[in-house]
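Derivation of every value follows stated rules applied to the coordinates shown; laboratory data play no part. Owing to the predicted nature of the structure, the values given are computational and were not obtained by experimental measurement. Glycine gets a Cβ as well: all are built from the backbone with ideal geometry, and neighbour counts include every protein chain shown.
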Amino acid sequence: MNALWEFLSFSDPNIRYVAFGSVLLTASSAIVGSFTFLNKKSLVGDAIAHAVLPGICLGFLLAGNKNPIALIVGAFVTGWISLVLVEYITTKTRIKEDTAIGLILSVFFGIGILMLTVIQKSGNASQSGLDHFLFGKAASLVGSDLVTFSIVAVILLVMVLALFKEFSLLAFDKDYARSIGLPVKGIELVLTSLIVLAVVIGIQAVGVVLMAAILITPAAAARFWTDKITVMFFLASVFGAISGLSGAFISYTAPSMPTGPWIVIVISTIAFISFFFAPTRGVIGRYIRQAKIRKTINDENVLKILYQLGEENKNFFIPRLVDEIIRKRFYEKQALISILKRLTRQGYIERTRNLWGLTEEGKNRAQRVVKIHRLWELYLTTYMHIAPDHVHEDADTIEHLLTPELEERLEKILGYPKVDPHQSKIPYREDVDTKL
Amino acid sequence: MNDLYIILTATLVSASCALLGCFLILRRMAMVGDAISHAVLPGIVIAFLLSGSRDSVTMLLGAGIIGMFTTFLIEFFHKKARLQTDASIGVTFTWLFAIGVVMISLFAGKVDLDQDCVLYGEIAYVPLDVIITQGGVNIGPKALYVSGIILLVTLLFIFLAYRKLFLTTFDPAFASAIGISTTLWHYALMGAVSMTTVASFESVGAILVVALLIAPAATAYLLTDNFKTMLGLACLAGTISSITGYYLAVWLDGSIAGAIATMSGMLFGIAMIFSPAHGLFFRKIKAEAH
């Protein structure tokens, strides 16, 4: 615990540099990366991350030292060339996009490795530390790095804020953007430049391979919590910042630990939690919702059968044996009994020994389902001109899903008809019925 | 002799990769191959810890399992959490690779692996690790045998399952209609890719193996419309990359694996421009002739 307080007090300037630098890098990458995520170009970030390596080596060879401007310019150039090549290969040859990305990524990286090893053996003393670009060096950030990072982070943030509307429009509806006269190509160019810039500084924290993670994983995680783009960007940057800070903390407590991979493990954990536990989009939430709907459908189907049996005898409240229900529609006996028990608990069914009968409430609910079913069949035949023998399946689904508002509109549009296409009577509630 | 050993090992590795790569790029799964090659890293480290050495059998098993696990996770996030495929791939492999790197630093004393080796392999050291028989005879480097066996296994796999792999690649709907499980062959192929990746790991590293998986196959794809010819051409492209790459590396005094990847990219570039059927150069000439 002490270590945590010591870390959070930021009294040690080294901690300040590392923590502040990591947060800057991860948060700004997360914001820019959210656009690559929304553009469905997640792996392009990966390609750029690999492709900047030869550029960094080239920058070094030309400048003769690790001048940050030379390295960034070099990285920028090859990062850009890689994107142009992917685009070119995809459009001009029969090679598909994924192959083109993988090809460019690995070949550029190979060229980068070749150049790096040549430089390392060249005897140039100032080359040491160049390999930090491979695995990142977040734990050994110093003041001057921080200045570079801050400048780049500010550029990224200002550009994103200034062009937020244009970027979002491009991500969601490129054709519309074009039709209202936006310079789509130009905006894409700016966005891509921002991504390249984010990658160039980001790889210094986490390295080439893991760069893709700090670009897209925060966005992927944030997407599960919201449908609002502004909220998503805010969450993505917060997730990014948390992972940056945790990474810095871990490498502070355990200096032998690499910071970059830990940042990625933290952000991945946040993402996995989001994938599973996010309320509406998460795997578990989705599963629960599906189970609930399945239950409703089962319940209403059983009530419907009891109602239909009641129609045959002109009395809805006759208690029935389980076998009578099964004869009308097949169920596993045990499954049916558990549905019946559930309905009994909810007060829709009354049980007398082995006989089950509708209650007043149960009859009303079943009546509504049957009514919607028959109204829908009529709607499909009259308005959609579908043959009467083709409408049952569709009605069987919609009867469980229609909201009361839509139900009312359906009644009004059709003018409270008396019978469905198969001449079965459409049952309304008593108050409506008497008015007719 | 050392030169020959290195070139031979590289050729064997690139041939296995090229063969599997043909299936990958036609199934539009090049990036899944990329993901697997990164994701096997924790599998390699675990196998290392369990067996205490670079015992190949444990490693291949560990890699096979992790490779299938990766494939499963990518599918799971895509299907169950409805994450778009590209993001699903990106999230999964970076996570596993990060775990692998952390494990390497965690067990630095116990695992004879370093980060550079992960990135670009140690093919230059291949001739040093030789097998010496009980009679004391030096019968050549271990890596050579490992990559030879992997190539044999890959060839056997493709030979025996050719029809099924072919059908599930080109017409999955028809394949499942006649009772071939597309899922089974999907996973079988991914298992093979994982094993090849691991076998190539010591030679070219976990990342440059992607170049060998994709580039020769993509080159071959530009040269022919016949799948069997494509398999052959891909192996040829892999071999040429290995030989020329080796001499390029010697000439520049740099990483051999990096040079092989560079050459494989060069070959692709040449094919892209000068391929008789699909090359940009001849297409242009034809267009002008019309």
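General remarks:
- For chain B, a Kirkwood hydrodynamic radius built from all Cα pairs, placed in the Stokes-Einstein relation at 10 °C and 1.306 mPa s, yields a translational diffusion coefficient of 81 µm²/s.
- Neighbourhood net charge (15 Å Cβ-Cβ; Lys/Arg +1, Asp/Glu -1) for A:TYR383: -1
- Net charge over other residues, Cβ less than 13 angstrom from the Cβ of B:PHE281 (K, R count +1; D, E count -1): +3
- Of all the options B:LEU267, B:LEU223, B:LEU128, the one that moves most in a Gaussian network model of chain B with Cα springs shorter than 10 angstrom is B:LEU128.
- Max mean-square fluctuation residue, GNM over chain A, Cα-Cα springs under 10 Å, options A:GLY45, A:GLY136, A:GLY186: A:GLY186
- Difference of contour (0.36 nm per residue) and Cα-Cα distance, A:PHE276 to A:THR253: 5.3 nm
- Its relative contact order, with pairs defined as Cα atoms under 8 Å and 6+ residues apart, puts chain A at 17 percent.
- Selected from A:PHE37, A:PHE317, A:PHE135 as most flexible by GNM, with chain A as the system and alpha-carbon contacts under 10 Å: A:PHE317
- Ordering B:LYS80, A:LYS371 by the number of other Cβ atoms within 10 Å of each residue's own Cβ, fewest first, gives B:LYS80, A:LYS371.
- Note on A:LYS174: aspartates and glutamates with a C-alpha under 12 Å away, same-chain residues under 8 apart excluded, are A:GLU166, A:GLU188.
- Qualifying trypsin sites (Lys or Arg not before Pro) in segment A:287-323, DSSP loop, other Cβ atoms within 10 Å at most 13: A:LYS314
- Reported to the nearest whole Å, the Cα centre-to-centre distance from segment B:25-96 to segment B:222-277 is 26.
- Proxy reagent accessibility, fewest Cβ within 10 Å first, across A:VAL196, B:VAL210: A:VAL196, B:VAL210
- Shown for segment A:1-122 is the translational diffusion coefficient from the Stokes-Einstein equation, using the Kirkwood radius over Cα pairs, a temperature of 25 °C and a viscosity of 0.890 mPa s: 148 µm²/s.
- Over the protein assembly as shown, equivalent-ellipsoid semi-axes from the Cα gyration tensor in Å: 56, 32, 27
- Over every Cα atom in segment A:2-281, the radius of gyration and the widest Cα-Cα span, Dmax, amount to 18.7, 60 Å.
- Between A:VAL322 and A:LYS425, the modelled labels are 3.3 nm apart [label points 7 Å from Cα along Cα→Cβ].
- The ranking of B:TYR187, A:TYR383 by Cβ neighbour count inside 10 Å, starting from the fewest, reads A:TYR383, B:TYR187.
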